[in-house]
Amino acid sequence: ASTALAAVLYARTGSAAWVSAALFVAFATPALFSPLAGTLSDRLDRRQVLIASDLLGAACFAAMALVTAPAALLALAFPAAVAASPFNPASGAMVPALVLPERLPWANARLAVARNVGVLVGPLVGGLLVAVASGAVAFSVNAASFAVSAALIATLRGSFRVSAGASGDAIAGAASPEPKASGIGEGFRLILREPTLRALTLGFVLVDLGTGMVMPADPALAHLFGAGPTGYGAMVALWGGGGVVAARFATAALGRRSEPVVIVGSAIVLAFSYALTAVAPWFGLVLLAFAAGGASMGLAGIAEDLLLQRRTSDDVRGRVFAAHMAAVQLSLATPLLLSGFVVNALGPRAVLGIGAGLASCGVLALAALLRRRAASAAVRA
């Protein structure tokens, strides 16, 4: 739907500003509403939260199929993004209730494969439907997919919560809320208080600031190499494909002790891929760098979820997921308001260099995870 919306808005207005606005709504709105969304996932039945999120999203996209004015489309995209905001915190928080702790890497890797396939295939289908049919058809298909998702989730049974003291929640060092500190801001307070969560969030904020800077430079870079829209599509496809491959084999690389190493190493690979793209003399090297960058972020995303799940208790996990996602999504969305102007002024290679620098700062912040891992190992010894 996001690809279809961008294509329709640009076709009807001829302005990249409308596309930027749509991207900002898509990324920033769930972040702004995530504190409330996280509270819903901790206070209510998580299965019902997921179903309600899907059904409201389906209604919004069905309405988008009935309007044509750009302002009306953007106005409906906003409540669609609000409706989506509870889904990821609730789904991420419920995974430890579905599997034993030793199976968490496998479960998160399976979910990441599905998510990355969606990221890879969804834009292709959306663009194809707009090209051969219309935006209304694309929005209708998207609405139907939300309804199917709700129907599938409705077949699940269970509370999707880990009872206190149960094996799934018996996670060493898991952070819990302070007594009587159970408001919507508890996720942010817990992240600020707990060193591992704080380093994880700060590191990914810096990494995603770099990614937000780089995203508008990608089409310009493809144009610079004479590859045009086809080249840009190949860049996006290889990024998504790298994420799929990494997620497929993530279980073998991830474990309680290896997660911090994987996160830091993945951030290093991402920073290097941006730097390599900035100086690449031929387009094939750009495609290779994008595949590596997508794989690194696919692997890092799974390890990120695992750390959040292992380091938080069930009664606050949804709010911690929501707070972390809010910080990361806003850091991705905010540069979108300015990066297009920077690309026009400095060129895509310079912006990719800036992205590499921000990602490198993220590596330094995430390195605190390795220091804490080494300190914990020393204490155990």
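The values are calculated or read from the model by the stated rules, or taken from the named source; none is laboratory data. From a predicted model like this one, the values you see are computed outputs, not experimental measurements. Glycine also receives a Cβ, built like all others from the backbone with ideal geometry; neighbour counts cover every protein chain displayed. Each accessible area value is taken on the protein alone, full model and side chains, heavy atoms only, with ligands, DNA and RNA left out. Shrake-Rupley method; radii C 1.70, N 1.55, O 1.52, S 1.80 Å.
Within the set Ala356, Ala350, Ala333, Ala326, the sole residue that is under 16 Å from Arg198 (Cα atoms) and in a helix (DSSP H, G or I) turns out to be Ala326. Leu73 passes every criterion in (1) closer than 28 Å to Ala291 by Cα; (2) in contact (Cβ under 8 Å) with a residue 60 or more places away in the chain; (3) buried (at least 18 other Cβ atoms within 10 Å of the Cβ) apart from (1).
Scanning region 119-138 for residues that are of a type in the set (Gly, Ala, Ser) and modelled with pLDDT under 85 yields Gly122, Gly126, Gly127, Ala131. When region 327-379 is limited to residues that are open to solvent by 50 Å² or more (accessible area, probe 1.4 Å) and among the small types (Gly, Ala, Ser), the one that is modelled with the lowest pLDDT turns out to be Ala378.
Considering region 216-238, the residues that are aliphatic (A, V, I, L, M) and in contact with a Pro (Cβ under 8 Å, 6 or more places away or on another chain) include one that is farthest from Gln309 (Cα to Cα), namely Leu224.
Annotation note: of Ala80, Ala90, Ala65, Ala109, the sole residue that is in contact with a Ser or Thr (Cβ under 6 Å, 6 or more places away or on another chain), open to solvent by less than 30 Å² (accessible area, probe 1.4 Å), in contact (Cβ under 8 Å) with a residue 60 or more places away in the chain and closer than 21 Å to Tyr10 by Cα is Ala65.
Conditions (1) surrounded by fewer than 18 Cβ atoms within 10 Å (Cβ to Cβ); (2) more than 19 Å from Ser339 (Cα to Cα), marked per residue:
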site	(1), (2)
Val8	no, yes
Ala11	yes, yes
Ser15	yes, no
Ala26	no, no
Ser34	no, yes
Thr39	no, yes
Asp42	no, yes
Gln48	yes, yes
Ile51	no, yes
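Within region 112-140, being open to solvent by 10 Å² or more (accessible area, probe 1.4 Å), over 27 Å from Leu73 (Cβ atoms) and among the small types (Gly, Ala, Ser) holds for one residue alone: Ala114. Inspect region 110-130 for any residue being of a type in the set (Val, Ile, Thr) and either within 20 Å of Ser313 (Cβ to Cβ) or touching a Leu at 6+ places or on another chain (Cβ under 7 Å) (or both) and give the result as yes or no. Among the residues of region 110-130, not one is of a type in the set (Val, Ile, Thr) and either within 20 Å of Ser313 (Cβ to Cβ) or touching a Leu at 6+ places or on another chain (Cβ under 7 Å) (or both), which makes the answer no. Among residues of region 314-326 being of a type outside the set (Val, Ile, Thr) and either within 20 Å of Leu369 (Cβ to Cβ) or touching a Cys at 6+ places or on another chain (Cβ under 7 Å) (or both), the one that is most open to solvent (accessible area, probe 1.4 Å) is Met325. The number of residues in region 278-295 being under 16 Å from the mean Cα position of the chain (by Cα) and open to solvent by 10 Å² or more (accessible area, probe 1.4 Å) comes to 1. From the list Gly240, Gly203, Gly212, exactly one residue is small (Gly, Ala, Ser), touching a Leu at 6+ places or on another chain (Cβ under 6 Å), crowded, with 17+ Cβ neighbours inside 10 Å and at pLDDT 90 or above. Which is it? The match here is Gly203. Could you tell me which residue of region 146-189 is surrounded by the fewest Cβ atoms within 10 Å (Cβ to Cβ), considering only residues that are more than 14 Å from Arg47 (Cα to Cα) and at pLDDT 90 or above? The selected residue is Val148. The residues on offer are Leu104, Leu156, Leu128, and the sole one that is in contact (Cβ under 8 Å) with a residue 40 or more places away in the chain and over 21 Å from Met325 (Cβ atoms) is Leu156.
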